[in-house]
Amino acid sequence: MGTWTKNNLACRATWTTLMVLDQSDETFDASDAIKVKSFTFWSNADSAEMRKTKATTIAIQMDNIFVKLRGARYEKGVSAEAAIKAIVAILTKGDKTMADLAARNDASYQFWGEEHA
């Protein structure tokens, strides 16, 4: 699991984006350990194929919000397709957490205002 902190732009962007997409309504401080299987899109009745389809839809929406609205850019060597696939990989594993998703997003995106050494 990644480090969950308000000082990490990936954490804040992941949390706010999931709020906008109506996937969670928890406070920031309570969200790090929320499991993907608690997001609103998740249904235990879904087949693996349906879950992947839903996860892909959420991933594309997240990518659009990050890049088109939040001014994020892809990290060096990361394409849009790779970033979306990375999100899908987390969103299809119910025991992954919001913090895991934020850590994956941090590796894929350079968020607006984020400084790199």
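A few remarks follow.
- Residue in the range 23-35 that is in a loop (DSSP other than H, G, I, E, B), over 18 Å from T5 (Cβ atoms) and in contact (Cβ under 8 Å) with a residue 24 or more places away in the chain present: yes
- Residue count for the range 83-111, restricted to those that are of a type outside the set (S, T, Y) and either in contact with a strand residue (DSSP E or B) (Cβ under 8 Å, 6 or more places away or on another chain) or within 20 Å of D29 (Cα to Cα) (or both): 14.
Matching residues to (1) surrounded by fewer than 20 Cβ atoms within 10 Å (Cβ to Cβ); (2) at positive phi:
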| residue | (1), (2) |
| --- | --- |
| T16 | yes, no |
| D25 | yes, no |
| V36 | no, no |
| S47 | yes, no |
| K68 | yes, no |
| G77 | yes, yes |
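- Test for A89: is it small (G, A, S), under 13 Å from the mean Cα position of the chain (by Cα) and crowded, with 18+ Cβ neighbours inside 10 Å: no
- Evaluation of I65 against (1) closer than 15 Å to L101 by Cβ; (2) at pLDDT below 95 (one fails), failing number: (2)
The values are calculated or read from the model by the stated rules, or taken from the named source; none is laboratory data. Please read all numbers here as calculations on a predicted model, not as lab measurements. For neighbour counting, all protein chains shown are included, and Cβ atoms are generated from backbone atoms with ideal geometry for every residue, glycine included.
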